[in-house]
1. Does Phe52 satisfy the criteria of being within 11 Å of the ligand (Cβ to nearest atom), closer than 25 Å to Val345 by Cβ and not polar (S, T, N, Q)?
2. For the stretch 302-345, which residues satisfy the criterion of being in contact with a Phe, Trp or Tyr (Cβ under 8 Å, 6 or more places away or on another chain) and small (Gly, Ala, Ser)?
3. Filter the stretch 142-163 down to residues that are crowded, with 16+ Cβ neighbours inside 10 Å and polar (S, T, N, Q) and give me whichever is farthest from the ligand (Cβ to nearest atom).
4. For the stretch 61-72, what are the residues that are more than 10 Å from the ligand (Cβ to nearest atom) and modelled with pLDDT of 95 or more?
5. Of all residues in the stretch 176-193, count the ones that are farther than 11 Å from Cys332 by Cβ and in a loop (DSSP other than H, G, I, E, B).
6. Need pairs with beta-carbon distance below 6 Å; first residue in contact (Cβ under 8 Å) with a residue 12 or more places away in the chain and within the stretch 343-359, second among the aliphatic types (A, V, I, L, M) and assigned to a strand (DSSP E or B); sequence gap 6+ or separate chains.
7. Residue under question is Ala292, and the condition is that it be within 24 Å of the chain's Cα centre (by Cα) and surrounded by fewer than 18 Cβ atoms within 10 Å (Cβ to Cβ); does it hold?
8. Could you tell me which residue of the stretch 1-38 is farthest from Ile128 (Cα to Cα), considering only residues that are within 8 Å of the ligand (Cβ to nearest atom) and assigned to a strand (DSSP E or B)?
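The values are calculated or read from the model by the stated rules, or taken from the named source; none is laboratory data. Predicted, not measured: the structure shown is a model, and the values here were computed from it. Heads up, the Cβs are rebuilt from the backbone with ideal geometry, glycines too, and the neighbour counts pull from every protein chain shown.
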Amino acid sequence: MGDFTTDYLIVGAGAMGLAFADTLLAELPDVSITIVDRHAKPGGHWNDAYPFVTLHQPSAYYGVASLPLGSGQIDSHGLNAGLYELASGPEVSAYYEHVMNRVLLPSGRVRYLPMSDYKGDGRIVSLISGAETRVEIARKTVDSTYLGTSVPSTHTRKFTVADGVRIMPPNDLPHLWRAPDAMPRHFTVLGAGKTGMDTIIFLLNAGATPDMISWVAPRASWFYNRKSIQPGAVFFERTLGAALKMRQAIGEASDASDMFLRMEACGWMHRISRDVLPTMFHYAVSSEAEIALLRRVTDVIRQGRVLALEPEWMVMEHGTRATAPGTLFIDCTATAVERRPPVPVFQPGLIVPQMVRMPQPAFSAALIAWVEAHVDGEAAQNALTRAVPLPDTIQEFARAELVNIGNEGKWSANPAMRAWIDNCRLDSMGKEIRRVTPADTDKMAILMQMMPATMAAAANLQRLTA
Ligand SMILES: Cc1cc2nc3c(=O)[nH]c(=O)nc-3n(C[C@H](O)[C@H](O)[C@H](O)COP(=O)(O)OP(=O)(O)OC[C@H]3O[C@@H](n4cnc5c(N)ncnc54)[C@H](O)[C@@H]3O)c2cc1C
């Protein structure tokens, strides 16, 4: 017998757990939900984010389905000018607190246990008191921790740091003003992902000159061009036109490199150095202005991953490099989202939310909740929610895109599901597509070509992944 009973136990109050809870509550208003999380506040990894982080995708389709995030404005200045706003880390954290305190808890159906560790088998341990509570789970456990998010302030470094080496996570950079006499003379940013990019942009905007920055970027990466993934009516032709060209490019590509070059040519992807053919793709998103700024840093070190930081040397997989006097290293090497193998989303007594539309964690979790509410039987549920494997290399992108296209096809064949998606705030274009009439000739022309282009892309992806 447990101390209390709940229909659903959600482990993790991050983007996935909260998007799932919000949609489940909307679709099954009578169920009871318990949410347990080690953090003191909702929002998962956003609690530990560096202060200058922002979303890299528009706020318009992040968060939970029932509550808009941000004010829906197009930025008029800065590196995102002309594009839909990106919530800052503090805005995302405040939003999730609002979701918990103004949406979920007032329903009377949700219990929230912060600073609590879920140990499995219905055992919840308070991190503060050590007291154990037992919960009876009437329906299912929802393990929203599977994506394994990792951020610089909490991850474990995979390289050694000798005494005397100055290193910090990006979280501490804004505090440098407190010790002006100890201001670094050089900054070496470790890591080529979104965090490394954000850090370089922060330093340049804060007054560092490009020659004060070195960037250890073992592999070059492709990025989504943010202007091609904008939501709403204003961007209909641009976004869906780019999506069409992207599908056509995939359909015509001879191999992975050719596919990315074609996607670059149609404005869907971009890269920092045009002299380097990137081999990595993690679905990071950037604007053209951000890329232009990043190009100003020319000391880009490609000698593999860092193994050790010695007082005068940096040891990497493929060589060493002398450290400039007064260097501060900034650790941006956390993985963000771990590459764990996809597992069935629906298992006996268990739901494991994963990305079923890449790269949209919030939409994915909400859709999985809809399936839980409206589709009977694990086989049918899993048929609609195949987890998309997170790519690391450009070759792996083909496999991810094939699953993406397969899932979209199954959703479109299910009218109730399609109607829910098209009305869901977390879907960027469904509503606009529904509004198109035969009189909208330009829009119709794009939509008419989308299906054959998608089929050709799927056929070519099958060939490329065979
Ligand atoms: C810097 C950054 C920027 C990003 N920007 C975007 C973006 O613009 N758009 C986008 O779509 N995605 C973005 N992402 C990705 C996306 O936000 C994340 O994938 C998503 O937030 C992950 O949410 P989650 O709920 O899966 O994981 P988390 O946020 O990690 O939440 C999991 C929670 O589970 C808790 N937990 C784990 N184990 C236990 C346990 N045993 N007991 C109790 N609690 C436990 C943890 O404390 C944590 O709070 C970004 C990610 C990062 C790192």
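1. No, not satisfied.
2. Ala308, Ala322
3. Ser153
4. Val64, Ala65, Ser66, Leu67, Pro68, Leu69 - these are the residues of the stretch 61-72 that are more than 10 Å from the ligand (Cβ to nearest atom) and modelled with pLDDT of 95 or more.
5. 4
6. Cβ pairs passing all conditions: Ile351/Val142.
7. Spelling it out, Ala292 is indeed within 24 Å of the chain's Cα centre (by Cα) and surrounded by fewer than 18 Cβ atoms within 10 Å (Cβ to Cβ).
8. Restricting to residues being within 8 Å of the ligand (Cβ to nearest atom) and assigned to a strand (DSSP E or B), the top hit is Val11.
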